[in-house]
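Student: Before anything else, here's the structure in question.
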Amino acid sequence: SAHAKDALGRAATIVGTSTTTGDGGMTPEERLASKHLVYQCLPSRYGFNPADVHKADAIEVVVGQGAKPGGGGMLLGQKVSERVASMRTLPVGVDQRSASRHPDWTGPDDLVIKIAELREATNWEKPIYVKFGATRVANDVKLAIAAGADVVVVDGMQGGTGATQDVFIEH
């Protein structure tokens, strides 16, 4: 919600850390409230907006998420309000599948290309993060660094998402 994004942005600014847009694009509230805002480039491509990329302080390519490792997820239609639909360019009230992998790459060379595209799109002014679910951490970090990432984010299972499969929520 707008109130939650505003509160998270203000709190992160006060303690000196960053916030991340998460699934579905940037809200005006979080950009206004967050001193350091990281824009996520998601496997689903929901809400990807080049204009918002330029407003961000960094870009995070989401390869994986700890709360739904390799499984993807489902955004229930009841959560796709008019505001969410508008931000994500989706139909209102329709269930949406979250991809388990990013469609732009099948291997490490494709990640090199994606990072280069984002650098070019931002005139090489934004740091590029790569986010993995905590699985093969040593290998994933090596791949991200070789691909040119400035920051590697390792996301553990404790992270929450309402779009994951029941087996990940319960176990």
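The values are calculated or read from the model by the stated rules, or taken from the named source; none is laboratory data. As the structure is a prediction and not an experimental result, all values here were calculated from the model. As a convention, Cβ positions derive from the backbone with ideal geometry for all residues, glycine included, and neighbour counts pool all protein chains shown. These area figures cover heavy atoms from the full protein model, side chains too; ligands, DNA and RNA do not enter into them. Shrake-Rupley method; radii C 1.70, N 1.55, O 1.52, S 1.80 Å.
Student: What nm distance separates the two modelled labels at HIS36 and THR89, each placed 7 Å from Cα along Cα→Cβ?
Tutor: 3.0 nm
Student: Now for a separate question. Between ALA138 and MET74, what is 0.36 nm times their sequence separation minus the Cα-Cα distance? Round to one decimal in nm.
Tutor: Using 0.36 nm per residue and subtracting the Cα-Cα distance, I get 20.1 nm.
Student: Moving to a separate point now. For the pair GLU120 and ALA2, how long in nm is the line joining their label points, each one 7 Å along Cα→Cβ?
Tutor: The two pseudo-label positions are separated by 3.8 nm.
Student: Using the heavy atoms of the protein chains and a 1.4 angstrom probe, tell me the accessible area per residue for the stretch 1-88 in square angstrom.
Tutor: I get 47 Å² per residue for this part.
Student: About the Cα centre, and with charges only on the beta carbon of Lys, Arg (+1) and Asp, Glu (-1), how big is the dipole of the stretch 1-144? Nearest 20 debye, please.
Tutor: Charge dipole, the stretch 1-144, about its Cα centre: 280 debye, nearest 20.
Student: How much length is gained if the chain between THR17 and ARG97 is pulled fully straight, taking 0.36 nm per residue apart and subtracting their Cα-Cα distance, in nm to one decimal?
Tutor: Gain in length upon complete extension: 25.7 nm.
Student: Taking all protein chains in place and a 1.4 Å probe, what share, in percent, of the accessible surface of the stretch 9-89 do carbon and sulfur account for?
Tutor: Percent of accessible area from carbon and sulfur atoms in the stretch 9-89: 56.
Student: Defining a contact as two alpha carbons under 8 Å apart and six or more residues distant in sequence, what relative contact order in percent does the stretch 1-57 show?
Tutor: That works out to 34 percent.
Student: Taking a probe of 1.4 angstrom, what is the accessible area of THR19 in Å², to the nearest 10?
Tutor: THR19 has an accessible surface of roughly 20 Å² with all protein chains in place.
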